[in-house]
Structures are given as C-alpha cells and as structure tokens.
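Visitor: Pasting in a structure now, in structure tokens, and then I'll have a few things to ask.
The values are calculated or read from the model by the stated rules, or taken from the named source; none is laboratory data. Every value quoted in this text rests on a predicted model; they were computed, and no experiment measured them. Backbone-built Cβ (ideal geometry, glycine too); neighbour counts: all protein chains shown. Surface accessibility is based on the protein's heavy atoms, side chains included, excluding ligands, DNA and RNA. Shrake-Rupley method; radii C 1.70, N 1.55, O 1.52, S 1.80 Å.
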Amino acid sequence: PNTENRTEFLLLKSNEKLLEFQKKAEIAAYYPTLSLTAGYNYIGQGPKMPIFATPADKVYWSDYSGIGLNLKVPVFTGFRTKSKVSQADVKLRTIQEDLTNTKLALDLDYENAKVNMENSLITIKNQKENSDLSQEVLRNTNNNYVQGLASLTDLLDAENAYIEAENNYHNAILEYKLAEIQLIKSKGELKTLSN
C-alpha cells in the first residue's frame, strides 16, 4: 500500500513543510531590512480642552507630518541567529527521521495485518475441521446412547465438546474479520467501509 497517503504520514509531511518555512525565516534574519514609515498628525493647543474649540477660545490647531527610512543591517547578533538556524535544522532532521520511522511502522502494520489474516484463515480451517469432527463424535455418541452403549455423561460431554468447537469456529471467523479490518486500516482505506 502507499503509506504516503496515510493521515499520520501526511500530518508529518505538513509539519516538515512548516519547519522548512521556519528555517527559511530564521535564515532571513541574516539579510538587511529596509523599512519606510510615514505619519500625519493634527494637534490642538490652548488653555481649554481643544475638542470643538476655535481660535476665538485661544485654541490653535496645527498639523505636522513625518517620513522615515530605516535600514537595519545585522552585523553581530551574538550568534543568536546562527543558534536559531541550527535549532530549526535539528527540528527539521528530527521530523525527517520521524517520517522514516512512521513509514517503516506503517509498512510493518501492513505486513502484520497480512500475516494475521493468513493465520486466521488457517485457524478457521482447523476450527471447522474440529467442529465437523466433534459433530461426528456427537452423532456416534448419540447412536451409542440410544443403543445403550454410552452413558448420559458421555453424551453430555460430546455435546459440550461440539458446542465448544462451534464457539471456537465462530471466534476464529470473528478474528479473521478483525484482521481484515486491520489490513484495510493499514492500507489507509477505512473510509471505504462507510461508503
């Protein structure tokens, strides 16, 4: 199966992309930055609160503006930027190792699910043979009981053995179905069951 379509793998891939962006952002701290600022203000001054006041109230209004250009050249940051880039690189390598380990774990889950299904099929076959055999023993014991050759205890033991063999057979079928679901899950196709 293509484990790269599994949700667990895709989530790690998304985290890897985010960490790559984070590393690029940390590297960008090495680059100089140029910024432009501008502002325009209007101010009122006087002996009264300037709101709604006029020059007749001895309140005078004036405006002013300013423009600034800022150039920031990172010369020395105390190795802070280098440290952050190194940390981002370590996180990126860690997530890449997690991706590898997740892929291996998902492949292992798939192989284990296949083996469990194969084992379940063998178990079903064996339990069916046991059920058929216990049914035959029950039939023979019942005939012997009718003819007086077997005791009631023998008949009850044969019935119990048959019921137990039938239960084991049905449990083996249940285990097979669970293994089948595990296989579908390991392929990342659980959504296909609800369609």
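Visitor: Among residues other than E136 whose Cβ falls under 14 Å from its Cβ, what is the net charge (Lys/Arg +1, Asp/Glu -1)? Working shown, then result.
Guide: On the way: positive: K128, R139; negative: E129, D132, E159, E166.
Combined, the nearby Lys, Arg, Asp and Glu give -2.
Visitor: Could you please tell me the mean projected area of the C-alpha convex hull for the chain, averaged over all directions and given in square nanometres to one decimal?
Guide: Working: hull surface 109.5 nm².
For the chain, the mean projected area of the Cα convex hull comes to 27.4 nm².
Visitor: Can you compute the FRET efficiency between K185 and V115 using 1/(1 + (r/R0)^6), with r the Cβ-Cβ distance and R0 = 22 Å? Round to the nearest 0.05.
Guide: E(calc), rounded to 0.05, equals 0.90.
Visitor: Hand me the tally of lysine pairs in region 110-195: alpha carbons under 21 angstrom apart, and the pair either on different chains or 8 or more positions apart.
Guide: Summing the qualifying lysine pairs gives 10.
Visitor: Region 28-82: which chymotrypsin sites (Phe, Trp or Tyr not before Pro) are DSSP loop and have at most 15 other beta-carbon atoms within 10 angstrom?
Guide: Working: sites: Y30, Y40, Y42, F52, Y60, W61, Y64, F76, F79; in loops: F52, F76, F79.
Listed in order of number, the matching sites are F52, F76, F79.
Visitor: While we're looking at this one, here's another question. Leaving out ligands and nucleic acids, note down the accessible area per residue over the chain with a 1.4 angstrom probe, in whole Å².
Guide: On the way: 14550 Å² over 195 residues.
Result: 75 Å² of accessible area for each residue.
Visitor: Loop sites only, by DSSP: take the trypsin sites (Lys or Arg not before Pro) in the chain that have at most 16 other C-beta atoms within 10 Å and name the longest stretch containing none of them.
Guide: Working: sites that count: K48, K58.
Between exposed loop sites, the widest span is 59-195.
Visitor: Now, a different point. Pick out which of Q147, Q127, Q45 has the largest mean-square fluctuation in a Gaussian network model of the chain, springs linking Cα atoms closer than 10 Å.
Guide: Residue with maximal mean-square fluctuation among Q147, Q127, Q45: Q45.
Visitor: Please compute the net charge surrounding G46, taking Lys and Arg as +1 and Asp and Glu as -1 over other residues with Cβ under 11 Å from its Cβ.
Guide: Working: positive: K48, K58; negative: D57.
Taking every Cβ under 11 Å from that of G46, the sum is +1.
Visitor: Could you compute the net charge surrounding A29? Neighbours are other residues with a C-beta less than 15 Å from the C-beta of A29; K and R count +1, D and E count -1. Don't skip to the end; give the middle numbers.
Guide: Numbers: positive: K23, K24, K72, R80, K82, K84; negative: E26, D89.
Surrounding charge for A29 is +4.
Visitor: What does the convex hull of the Cα atoms come to per residue for region 96-178, in Å³?
Guide: Details: hull volume 5.8 nm³, N = 83.
Per residue, the Cα convex hull of region 96-178 comes to 70 Å³.
Visitor: Continuing with the same structure: If I build a Gaussian network model for the chain, linking alpha-carbon pairs within less than 10 angstrom, which residue out of P74, P50, P32 has the largest mean-square fluctuation?
Guide: Highest fluctuation among the options: P50.
Visitor: Give the calculated FRET efficiency between I173 and Q96 to the nearest 0.05, with a Förster radius of 35 Å applied to their Cβ-Cβ distance.
Guide: Numbers: r = 43 Å, r/R0 = 1.22.
Calculated transfer efficiency: 0.25.
Visitor: Taking the Cα centroid of region 1-20 and of region 115-142, what is the distance between the two, rounded to the nearest whole Å?
Guide: Cα centroid to Cα centroid, the span is 44 Å.
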